[in-house]
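Below is one structure, written out as structure tokens, with a few remarks after it.
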Amino acid sequence: MTRRGSRDVWGEARDFWGEVLAWQGAATVRVLPLVAVFGVIATLVYAASRVGPQMGIPVGPHEIAGTVLGLILVLRTNAGYERWWEGRRLWGGIVNEARNLATIALSYGPGDPRWREEVVRWTIAFAHATRRSLRGERELPELAALLGREPADRVAAAVHMPSAIARRIGGLLQEARAGGGMDGFAFQEAERQRTTLIDHLGGCERILRTPLPRVYSIEIRRFIALFLVTLTIALISKELGWVTPLLTMLVAYALLVVDLLGAELQNPFADRNLGALPLDDICRTIERDLLGLLAEERSLAEEEMTIHDSLPEACPGGAAAVECPEGRPSGSRGFFA
């Protein structure tokens, strides 16, 4: 059973025909225009061979070239997937460090409800701001809901939004340490989690700002275009008739899809890319988990207050209030005092 609004990813992966016929999330729509272009070129070449001089070249060179081209495309796709997987690992680290930081703050930080609420909400805000920053966005509706409009506007105006939030979290930790509400060991561990969040952000920015060399993409696509244009001439010698342009389009579809995947996987953070990381879902998970910690703490505090109010007050001599001969005692309330 899945949570409301979540996708059954593993169920979708097992649905063979559902994925064969799927359009959403598929590369087919994006490559069809190029496939059509190569189909038109193949049709014109074949028609020219029917009305003009006979054309044709041996298929052997294309068999060798096709094998080499396939290997090059696979290597490029693997390089893109490595970047995608590294991005996912870094975001997994952001999830873990955010949980660790909030847990340390709530377990070892001061008891001031304002401080505890702020440090958790600013930690959530770091994840949202990181996602927006990697996508080049400055609108922060999530921060306005978490922190209020004024703090969200200050973060949006910062040169580097995640760093501004990390600095605010550092200020809250320093406030707790200076006020005596957090011991040195807990402070150092919380600081380590905070700096690790920044390290993960830096890793994501390295992926974003260092794509594969453009010359690599240029030469591969020239190779693809040359291969597909001359493929029709090679197939003419097989005397396949008007099936020749269709076979060229089929080969073009396969090559162009793999080429597109290699290009799209280079940036796993853009929500418009195929196979983009589900950063919206990841940030919602962080927000749900950390706000859940706050809700559990409030519930526990209310439960303790209920128990506190239900306990009999202690007499000055240690007897329960119901046994005190003078009525209401003037002593302490015992364990919850």
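The values are calculated or read from the model by the stated rules, or taken from the named source; none is laboratory data. Quantities reported herein were computed from a predicted structural model and do not represent experimental measurements. Cβ coordinates were reconstructed from backbone atoms using ideal geometry, including for glycine residues, and neighbour counts include every protein chain displayed.
The table for this structure:
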read-out: Neighbours by Cβ (under 8 Å, 6+ apart or cross-chain): first from the stretch 14-25, in contact (Cβ under 8 Å) with a residue 60 or more places away in the chain; second of a type in the set (A, V, I, L, M) and in a helix (DSSP H, G or I); value: none
read-out: Qualifying residues in the stretch 224-259 (those that are touching a Phe, Trp or Tyr at 6+ places or on another chain (Cβ under 8 Å), of a type in the set (Val, Ile, Thr) and farther than 27 Å from Ala79 by Cβ) - the one surrounded by the fewest Cβ atoms within 10 Å (Cβ to Cβ); value: Ile236
read-out: Helices (runs of 4 or more DSSP H) within the stretch 3-68 that include 1 or more residues under 23 Å from Asp271 (Cβ atoms), of a type in the set (S, T, N, Q) and at pLDDT 75 or above; value: 28-51
read-out: Options Val119, Val155: the member that is surrounded by 21 or more Cβ atoms within 10 Å (Cβ to Cβ) and without any contact (Cβ under 8 Å) to a residue 40 or more places away in the chain; value: Val155
read-out: Test: residue in the stretch 160-179 that is of a type outside the set (S, T, N, Q), more than 13 Å from Trp122 (Cα to Cα) and buried (at least 18 other Cβ atoms within 10 Å of the Cβ); value: yes
read-out: Which listed residue, of Thr306, Thr285, is modelled with pLDDT under 85 and under 30 Å from Ser107 (Cα atoms); value: Thr306
read-out: Residue within the stretch 211-223 that is out of contact with any strand residue (DSSP E or B) (no Cβ under 7 Å at 6 or more places or on another chain), surrounded by 15 or more Cβ atoms within 10 Å (Cβ to Cβ) and over 20 Å from Asn78 (Cβ atoms) present; value: no
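One line per residue, one yes/no per condition, for (1) at pLDDT below 95; (2) β-branched (Val, Ile, Thr):
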residue: Val74; (1), (2): yes, yes
residue: Ala79; (1), (2): yes, no
residue: Gly92; (1), (2): no, no
residue: Glu97; (1), (2): no, no
residue: Gly111; (1), (2): yes, no
residue: Arg121; (1), (2): no, no
residue: Ala125; (1), (2): no, no
residue: Gly148; (1), (2): yes, no
